[in-house]
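*Asks:* Okay, here's the structure, questions in a sec.
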Amino acid sequence: MRSPEDIIKRPFITEKSNAEVASGKYTFIVDVNATKTEIRQAVEKLFQVRVLKVNTLNYEGKQKRLGVHVGPRADWKKAVVKIDLDPKADVYLIKGGKETAGNKKYKTNIEEYGLTQ
């Protein structure tokens with residue numbers, strides 16, 4: 001299993017992604033071979049938030065030239081992660097049919113993203 005720091009490379013900050021932060025959508029550049037499940041687990045572990053949905057987009061690198069030298073840019077992958085803005089405690093049934101709530105606390109935003117709401 002790869003570490004979360006290997007899966008999520010950096011935030012992808014644009015005007016559109018800044019506007020989507022208010023609705024709980026955060027955009028990251030992730031490893032090209034990362035799956036949606038790995039991205040979900042990495043975001044939940046790094047930022048202590050509950051992830052509702054992960055959308056991914058694959059981009060192919062463009063051909064660029066510098067003088068007579070021609071070469072491709074690297075392929076990359078973008079992930080749009082929707083987090084739960086109103087997380088509730090998990091409720092479990094224990095022996096005897098009684099309900100108990102989980103004690104894990106989730107955040108409602110990602111402060112490390114570089115933005116304030």
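*Asks:* Of the residues that make up the stretch 91-108, is at least one at pLDDT 85 or above and at positive phi?
*Replies:* no
*Asks:* Same structure again: Which one of these does ALA42 not meet: (1) in contact (Cβ under 8 Å) with a residue 24 or more places away in the chain; (2) more than 29 Å from VAL21 (Cβ to Cβ)?
*Replies:* (2)
*Asks:* Please specify each residue of the stretch 18-39 satisfying the condition of being free of Cβ contacts under 8 Å to residues at least 60 places away in the same chain and within 13 Å of the chain's Cα centre (by Cα).
*Replies:* Matches in the stretch 18-39: LYS25, THR27, PHE28, ILE29, VAL30, ASP31, ALA34, THR35, LYS36, THR37, GLU38, ILE39.
*Asks:* Among the strands (runs of 3 or more DSSP E) confined wholly to the stretch 12-117, which include 2 or more residues that are surrounded by fewer than 17 Cβ atoms within 10 Å (Cβ to Cβ)?
*Replies:* Passing ranges, in order: 51-59, 63-66, 69-72, 76-83, 91-93, 99-101.
The values are calculated or read from the model by the stated rules, or taken from the named source; none is laboratory data. Quick caveat, the model's predicted, so the values are computed rather than measured. Don't worry about glycine lacking a Cβ; one is built from the backbone with ideal geometry, like all the others, and counts go over all protein chains shown.
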